[in-house]
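Peer 1: Pasting in a structure now, in structure tokens, and then I'll have a few things to ask.
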Amino acid sequence: MPKYSPPAASRRLTRASAAVLAAVAATCAPAAAQDFPSRPLRMVVGFLAGGPTDIPARFIADRLSHALGKPVVVENRPGAGSMLGIQEMLAQPRDGHTLLACTTYDPVNTLLYRKARYKVGDIAPVTLIARYDYGIGTRLDGPAQNFAQLAAYAKANPGKLNYGVLGVGSPQLLVGKKLEKIAGMQMTSVPYKGSNEAMQEIVAGRLDMFMAPPLSIMPHVEAKQVRLIAATGPTRLASAPDVPTLTEMGVPIRAFAWLGICAGTGTPPAVIDLLNARLRPILESADYKAMIEKSGSLPLYSSPRDMQTMIDETVRDVAPTIEEFKLQLD
């Protein structure tokens, strides 16, 4: 049987219809963002107000309000190592009106908890906003003037030295466990809801050591309320060039963290792209860069894809440590 071939007129009509459908499809994504935002936005922060996540989040929210023409309200939901914050964000409609000031903690918690109420794939990245290494601080009236003395004290007094952590899977605990193994330090961890709370405990002399973001620790160091004894990055903190890194002192430990803006997976790509575009001039502004750089952190802007790469790298890097120290919880 000969193969059927439609008339030329029909073929022209089919091609024309296909072109119309393609044009309609091309306009669907932008159309999804045309009505956004239709109401005020919320930016959830999983830590206490005034902390190293909250401060940049409020700066960004204020300027994003002007960029979008709708209020962007910051809401703090501290607790459970930021779990309460991301759960609140994911419980809302996935339309871009509820955002999260997300951190390294959010993908790490999916590895830490066997029964975590969300998975890494639930996080829709918008942009990175900062990256930082940590500073290790001690109380002024503590048992050590430098890291070598602190390590010696922890070895000689097992369990007596206490240090602050922000949850079981926090960088503070992961580095603390590595210090115990590599440097032979035996310490006791004390949980806190946020960096600012732990820093106040060091200032008050009730906490011996805490590993904090520069934005949180440097004001207390400059006010001579806390002693900075080490940094966790590959190079010294720009805000504390006289303080050595752990690797310089023969302790092969590096730790850093990132901050970003996220939505829930299912948020229309056009809305993600619109948010990314509105955030870019804010994150690249001189005022934002000055605020972040003053503390020794690195201001960032990224594409959603590049932020996804950072999330994936975090999962890959942290998983072995959680397994090695048997930190996984139900």
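None of the figures in this text is laboratory data; all of them are computed from the coordinates on show. Keep in mind it's a predicted model, so treat the numbers as computed, not measured. Methodologically, a virtual Cβ is constructed for each residue, glycine included, from the backbone with ideal geometry; neighbour enumeration extends over all protein chains shown.
Peer 1: Under 5 Å between amide H atoms, partner at least 5 residues away or on a different chain: which partners does THR127 have, H built in plane at 1.01 Å?
Peer 2: ILE261
Peer 1: So, one more: What list of whole percents do you get for P(r) of the stretch 198-330, with Cα-Cα distances grouped in 5 Å bins up to the one holding the largest distance?
Peer 2: Per 5 Å bin, starting at zero, the Cα-Cα P(r) for the stretch 198-330 comes out as 2, 8, 13, 15, 17, 17, 14, 9, 4, 1, 0 percent.
Peer 1: What list of ³J(HN,Hα) couplings, whole Hz, do you get for the stretch 232-243 from phi and the Karplus terms 6.51, -1.76, 1.60, once you set θ to phi - 60° and write x for glycine and proline?
Peer 2: 9, x, x, 10, 5, 5, 4, 7, 8, x, 8, 9
Peer 1: Could you list the residues of the stretch 271-306 with an amide nitrogen less than 17 Å from a label point located 7 Å from the Cα of ALA238 in the Cα-to-C-beta direction?
Peer 2: Answer for the stretch 271-306: 283-302.
Peer 1: Something else now. Determine the gain in length on full extension of the stretch ASP141-THR265; use 0.36 nm per residue of separation and subtract their C-alpha separation, reporting nm with one decimal.
Peer 2: 39.8 nm
Peer 1: Another question about this same structure. To make sure I understand, if each residue's beta carbon is the centre and we count other beta carbons within 10 Å, what order do THR247, THR103 fall in, fewest to most? Working shown, then result.
Peer 2: Numbers: THR247 16, THR103 28.
Taking fewest neighbouring Cβ atoms as first place, the list is THR247, THR103.
Peer 1: Loop-only check: which trypsin sites (Lys or Arg not before Pro) in the stretch 64-169 are DSSP coil with at most 16 other Cβ within 10 angstrom?
Peer 2: Sparse-neighbourhood loop trypsin sites (Lys or Arg not before Pro): ARG114, LYS115, ARG117, LYS119, LYS160.
Peer 1: List the extent of the Cα atoms of the stretch 210-261 along each of their three principal axes, largest first, rounded to whole Å.
Peer 2: Principal-axis extents of the stretch 210-261 (Cα, largest first): 32, 29, 19 Å.
Peer 1: Over all distinct alpha-carbon pairs, what is the Kirkwood Rh of the chain in angstrom? Numbers along the way, then the final one.
Peer 2: Details: mean 1/r = 0.0465 Å⁻¹.
So the Kirkwood estimate lands at 21.5 Å.
Peer 1: Moving to a separate point now. Which value, in debye to the nearest 20, gives the size of the charge dipole of the stretch 232-330 about its Cα centre, when Lys and Arg are +1 and Asp and Glu are -1 at the Cβ?
Peer 2: Roughly 240 debye for the stretch 232-330.
Peer 1: Report, in deg cm²/dmol and to the nearest 500, the calculated mean residue ellipticity at 222 nm for the chain, where each DSSP H run with n ≥ 4 adds -39500 (n - 2.57) and the sum is divided by the residue count.
Peer 2: Dividing the helical sum by the residues of the chain leaves -13500 deg cm²/dmol.
Peer 1: At 7 Å along the Cα-to-beta-carbon direction for both ASP287 and ALA319, put a label point, then send me their distance in nm to one decimal.
Peer 2: In this crude label model, ASP287 to ALA319 measures out at 4.2 nm.
Peer 1: Then there is this: Expected output is a single nm value to one decimal: the length gained when fully extending between LYS294 and GLN308, i.e. 0.36 nm times separation in residues minus the C-alpha distance. What is it?
Peer 2: Details: separation 14, 0.36 × 14 = 5.04 nm, distance 2.69 nm.
The span from LYS294 to GLN308 would gain 2.3 nm if fully extended.
Peer 1: Above 17 angstrom, tally the Cα pairs of the stretch 233-292 and express them as a % of all pairs, no decimals.
Peer 2: 62
Peer 1: Work out how much length SER189 to LYS70 would gain on full extension: take 0.36 nm times their residue separation and subtract the Cα-Cα distance, in nm to one decimal.
Peer 2: 38.6 nm
Peer 1: Further question: In nm, give the distance between the simple-model label positions of VAL203 and GLN149, each being 7 Å from the Cα along the Cα-to-Cβ direction.
Peer 2: 2.3
Peer 1: Distance between the C-alpha centers of the stretch 128-162 and the stretch 175-193? Whole Å please.
Peer 2: Measuring centre to centre over Cα atoms gives 9 Å.
Peer 1: Compute the label zone of LEU329 within the stretch 165-206: residues whose backbone N is under 17 Å from the point 7 Å along Cα-to-Cβ.
Peer 2: The answer is 165-177, 188-195, whose backbone nitrogens lie closer than 17 Å to the label point.
Peer 1: What helices does the chain have that are whole DSSP H segments, at least 30 Å long along their own axis by Cα, and with mean Kyte-Doolittle hydropathy of 0.5 or more?
Peer 2: 8-34
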